[in-house]
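Colleague: One structure is given below, represented as structure tokens, and several questions about it will come after.
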Amino acid sequence: MDASMQVVPSGSAIGADILGADLSRGLDAATFRAIEAAFNERSVVCLRDQHLTEEQFIAFAKRFGEVEIIFLTHYAHPRYPEIMLVSNIQENGRNIGHVDAGRVWHTDMSYTATPPRATLLYAIDVPEEAGRVLGDTLFASAVAAYDGLPEAMKRRLEGLRAVHRVSGRRKKTGTGKEDNPLRDRQPDVLHPVIRTHPVTGRKAIYVSEGECTGIVGMEDAEALPLLADLAQRIIRKDYQYRHRWRKGDVLIWDNPAVQHIALRDYEWPRHRRLMHRITVGGSATY
Ligand code: SIN
């Protein structure tokens, strides 16, 4: 293992910086195991100061599992379909990437049957204003939120399954935008309200207000307030980690364990933000 590598916990419930690892050189098995262990333990880890080609970024992501091909094809990197561009940059009057990614608290792609194990975001351009970095991303531990539930509530939730749909709640209430026919072809999927992490075995609350439209076998009058209550419990301040970006960051988050939201406190053309994003495939939920 690379002896200079150091894992520095954030001081919050989740999150750590990993210093001294150079992803462009490829990693020996022991170094990767140490990164993966920190990822499993801290749920969100940031490898600082990276200088990666697209191929090197994809090769690193593949160490975590199968890299997914971007299904929102109009946001895909023009030469690497594994990479989605998350950006506010416009060229020839159109956005080069996904400008609205992560605007509400969510866990990535819970509207799929096998939601991604991990998401990696590589910071190419980070917006700044008067020396202050903009566009922070906030994470919250759904594991800590489960651990903090009263025992009676844990028992009540056991065995319940929620319905997940792309931007489902916004559509249901007529406030969603119908901007992408691909999204509308995704059928509803069911996931347990309390999900067991496939690697750590820890339990987490697995619902979000944006995507969940109901709970199987429960009237909306009961299910929707319950979903709202659970979603609020996840994003408690003491379960949060706030990531302040630096150019060259490779941030990795554990989708079964955390939720996130991206802050939009920057604007085009005053500020430029460009991230390369890769998702690593996951497994059926239980
Ligand atoms: C995302 O939710 O994938 C985007 C997060 C970010 O842009 O910070």
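The values are calculated or read from the model by the stated rules, or taken from the named source; none is laboratory data. Just so we're clear, the structure is a prediction, and the values are computed from it rather than from any experiment. Counting neighbours? That spans all protein chains shown, and the Cβs are built from the backbone with ideal geometry, glycine included. The protein model used for the area step is the full one, side chains on, heavy atoms only, and it has no ligands, DNA or RNA in it. Shrake-Rupley method; radii C 1.70, N 1.55, O 1.52, S 1.80 Å.
Colleague: Compare the peptides 158-166, 214-222, 19-27 by average per-residue count of other Cβ atoms within 10 angstrom and give them in order, highest first. Numbers along the way, then the final one.
Modeller: Values: 158-166: 19.0, 214-222: 13.0, 19-27: 15.9.
The densest-packed peptide leads the list: 158-166, 19-27, 214-222.
Colleague: Summing +1 for each Lys or Arg and -1 for each Asp or Glu, what net charge is found among the other residues whose Cβ lies under 14 Å from the Cβ of D147?
Modeller: +4
Colleague: Separate question: At a 1.4 Å probe radius, carbon and sulfur cover how many percent of the accessible area of the stretch 179-263?
Modeller: Working: 1820 of 3580 Å².
C and S fraction of accessible area: 51 percent.
Colleague: Based on Cβ point charges of +1 for Lys and Arg and -1 for Asp and Glu, what charge dipole magnitude is obtained for the stretch 6-280 about its Cα centre, in debye rounded to the nearest 20? The partial results should precede the final answer.
Modeller: Working: 38 positive and 36 negative charges, 47 e Å.
In debye, rounded to 20, the stretch 6-280 gives about 220.
Colleague: Using only alpha carbon pairs under 8 Å that are at least six residues apart, calculate the relative contact order of the chain and give it in whole percent. Numbers along the way, then the final one.
Modeller: On the way: 608 pairs, mean separation 92.6, N = 286.
This gives 32 percent for the chain.
Colleague: Which value at 222 nm does the chain reach when only helices count, each DSSP H run of 4 or more adding -39,500 (n - 2.57), with the total divided by all residues and rounded to the nearest 500 deg cm²/dmol? Let's see the in-between values first.
Modeller: Values: 7 runs with 60 residues, N = 286.
Result for the chain: -6000 deg cm²/dmol, rounded to the nearest 500.
Colleague: Stokes-Einstein diffusion coefficient for the stretch 1-90 at 20 °C in a medium of 1.002 mPa s, Rh from the Kirkwood formula over Cα pairs: what value in µm²/s?
Modeller: On the way: Rh = 14.5 Å.
It diffuses with D of about 147 µm²/s by this estimate.
Colleague: Now, a different point. Be a star and scan the stretch 197-214 for residues whose amide nitrogen sits under 12 Å from the point 7 Å along the Cα-to-Cβ vector of R33.
Modeller: Answer for the stretch 197-214: none.
Colleague: Ok, one more. If you roll a 1.4 Å probe over the heavy atoms of the protein chains, what accessible area per residue do you get for the chain, in Å²?
Modeller: 45
Colleague: Between A113 and D220, what is the FRET efficiency for a Förster distance of 30 Å, r being their Cβ-Cβ separation, to the nearest 0.05?
Modeller: Working: r = 23 Å, r/R0 = 0.78.
For A113 and D220, the calculated efficiency is 0.80.
Colleague: Could you give log10 I(q)/I(0) at q = 0.13 Å⁻¹ for the chain, computed by the Debye formula over C-alpha point scatterers of equal weight, without solvent?
Modeller: Debye output, listed in q order: -0.90.
Colleague: Further, regarding this structure: With point charges of +1 on the Cβ of Lys and Arg and -1 on the Cβ of Asp and Glu, referenced to the Cα centre of the chain, which listed residue (G217, M84, A113) lies farthest in the positive direction of the dipole?
Modeller: G217
Colleague: First select every other residue whose beta carbon is under 13 angstrom from the beta carbon of L19; then total the charges, Lys and Arg +1, Asp and Glu -1.
Modeller: Working: positive: R48, R246; negative: D2, D17, D22, D49, D249.
Once all neighbours under 13 Å are counted, the net charge is -3.
Colleague: Here is a follow-up. Which FRET efficiency, nearest 0.05, do L19 and D188 yield, Cβ-Cβ r, R0 30 Å?
Modeller: 0.10
Colleague: Place +1 on the Cβ of every Lys and Arg and -1 on the Cβ of every Asp and Glu in the stretch 6-280, take the dipole about the Cα centre, and give the residue among I124, V280, P256 whose Cα lies farthest towards its positive end.
Modeller: Ranked along the dipole, the leading option is P256.
Colleague: Among the listed pairs K203/K247; K62/K247; K62/K154, which are separated by more than 25 Å between their Cα atoms? Display every interim value, and only then the final one.
Modeller: On the way: K203/K247 34 Å; K62/K247 22 Å; K62/K154 35 Å.
As for pairs spanning more than 25 Å Cα to Cα, those are K203/K247; K62/K154.
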